[in-house]
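A.B. asks: Dumping the structure here so I can ask a few things about it.
The values are calculated or read from the model by the stated rules, or taken from the named source; none is laboratory data. From a predicted model like this one, the values you see are computed outputs, not experimental measurements. So basically every Cβ, Gly included, is an ideal-geometry build from the backbone, and we count neighbours across all protein chains shown. Each accessible area value is taken on the protein alone, full model and side chains, heavy atoms only, with ligands, DNA and RNA left out. Shrake-Rupley method; radii C 1.70, N 1.55, O 1.52, S 1.80 Å.
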Amino acid sequence: TGLSVCTLASIGYFVNSENSNGQTVCLAGSYSSSTGLSTCTGAPVGSHVSNTGATAPTLCNPGYYADIVQLVECIPSTPGHFVSGSGASNQSNCLEGSFTSVSASIECLSSPIGSYVPSAEATSSNYCVAGKFTDTTGSSSCLSSPAGSFVDTIGATSAQQCDRGTFS
């Protein structure tokens with residue numbers, strides 16, 4: 001017996017040719033959100049589609065991004081970078097005074113007191129050397145000990161005053 005009407009491709013599927021006797025599932029990285037489509041749509045930047053037969057893309061989670069279309073999985077941010085929100089199309093650099101040593105970071109850490117981060121995209125902080133200090137977090141450089149004081153340790157958070165009878 002013959003059919004009196006053709007059936008529309010289901011959501012999550014497509015039919016890309018005439019005289020077809022079946023539909024094809026959308027592959028991972030693509031989706032179809034309505035019936036009767038002849039192609040699937042690639043996941044847009046900032047999202048991914050990890051399963052076949054998808055009906056919608058999924059936004060990338062914080063810490064991850066998608067900078068190209070049709071990704072199956074989002075890309076984790078690399079050390080020295082972060083992604084703070086959902087649906088990101090790129091990662092951001094940690095700025096001077098901050099760092100992150102792990103992948104998939106949602107934020108950068110401020111350099112602790114007694115240390116500094118001199119440049120962007122850092123994966124660690126550096127201790128201030130003897131003769132220098134910093135008493136604030138997020139420093140991009142250390143301060144030299146002022147006249148009449150000294151710093152004799154690494155990672156110092158303050159300078160010590162010279163005793164009576166001594167100077168610097």
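A.B. asks: Quantify, in whole percent, the carbon and sulfur part of the accessible surface of region 122-168 (1.4 Å probe; protein heavy atoms only).
C.D. replies: 51
A.B. asks: Given q = 0.19, 0.20, 0.26 Å⁻¹, what are the Debye log10 I(q)/I(0) values for region 32-87, with equal point scatterers placed on the Cα positions and solvent ignored?
C.D. replies: -0.63, -0.67, -0.97
A.B. asks: Any chance you could check the Cα centroid distance between region 27-46 and region 89-117 for me, in angstrom?
C.D. replies: 36
A.B. asks: Evaluate the distance, in nm, between pseudo-label points positioned 7 Å from the Cα of Phe150 and of Leu27 along their respective Cα→Cβ axes.
C.D. replies: Each label point lies 7 Å from its Cα, and together they span 7.0 nm.
A.B. asks: Can you give me the three principal axis dimensions of the chain from its C-alpha atoms, in Å, biggest first?
C.D. replies: 112, 16, 15
A.B. asks: Using r as the Cβ-Cβ distance of Glu107 and Asn51, and R0 as 25 Å, what FRET efficiency do you calculate, to the nearest 0.05?
C.D. replies: Efficiency at R0 = 25 Å is approximately 0.25.
A.B. asks: So, one more: Going 7 Å from the Cα of Val129 along its beta-carbon direction, which residues of region 79-121 have the amide nitrogen within less than 18 Å of the resulting point?
C.D. replies: So the set is 114-119.
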